[in-house]
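Read through the structure below, which is laid out as structure tokens, and then see the notes.
The values are calculated or read from the model by the stated rules, or taken from the named source; none is laboratory data. All values derive from a computational prediction rather than experimental measurement. All Cβ positions, even for glycine, are placed from backbone atoms using ideal geometry, and neighbour counts span all protein chains on display. When the accessible area is computed, the model is the full protein with side chains, heavy atoms only, and any ligands, DNA or RNA have been set aside. Shrake-Rupley method; radii C 1.70, N 1.55, O 1.52, S 1.80 Å.
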Amino acid sequence: MIPLIIESDNPDLIESYLSDKYYLANLTSEVVPENDSIGLPAIKFLIDRAKFAPAQKSQAVFLIRSGHLITPAGQNALLKTLEESKPEEQFIITTMNHHLLLPTISSRCQVIRLSSPPKKTNSDELIKELVSHLTGSPAAIIGLSDRLISDNPPEKLDQIIASL
């Protein structure tokens, strides 16, 4: 399988994604940072686990958390394993910024960016304010309408029209 880089600044979002896609249920081996880095020995351990993992599972997931903390030597050691992974192996690297990984690692992986949904706005108050400013400057009207429709444009436009 194509190795994955799961990127988000929200660890809960990453955890939810991993659970929803059943990656955690098939977890074979996991590497986490020690003392704010992931060194070559931890990566070699993961590579060895991948070489000798039993073929009993339909999918074996090898997870590296906070991959941006892998040392350059560790990342270089991981390259061949990512390139030659078996079809039943899934390598996943989580990170807050995939640009902190070596380009050679990123180029061998599919990057999945997860973002938190936008915060909901108080629609009723913004609609009242927008309607009251309709005779005002176009810039003020556009600014208010942008804030209002940011989270669900079709529904908010219907509300605005109904208020008129």
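Filtering 8, 19, 58, 37 for residues that are under 24 Å from residue 115 (Cα atoms) and free of Cβ contacts under 8 Å to residues at least 60 places away in the same chain leaves a single hit, 19. Within the range 114-146, being under 27 Å from the mean Cα position of the chain (by Cα), at pLDDT 70 or above and surrounded by 13 or more Cβ atoms within 10 Å (Cβ to Cβ) holds for one residue alone: 114. If you take the residues of the range 38-50 that are open to solvent by 50 Å² or more (accessible area, probe 1.4 Å) and in contact with a strand residue (DSSP E or B) (Cβ under 8 Å, 6 or more places away or on another chain), which of them is farthest from residue 22 (Cα to Cα)? Top of the filtered list is 45. Among the residues making up the range 20-33, those that are open to solvent by 30 Å² or more (accessible area, probe 1.4 Å) and either on the phi > 0 side of the Ramachandran plot or at pLDDT 95 or above (or both) are 22, 30, 32, 33.
When residue 76 is tested against (1) in a helix (DSSP H, G or I); (2) crowded, with 17+ Cβ neighbours inside 10 Å; (3) not hydrophobic (A, V, I, L, M, F, W, C), exactly one condition is not met: (2).
Residues in the range 51-73 that are in contact with a helix residue (DSSP H, G or I) (Cβ under 6 Å, 6 or more places away or on another chain), of a type outside the set (Phe, Trp, Tyr) and open to solvent by less than 10 Å² (accessible area, probe 1.4 Å): 61 only.
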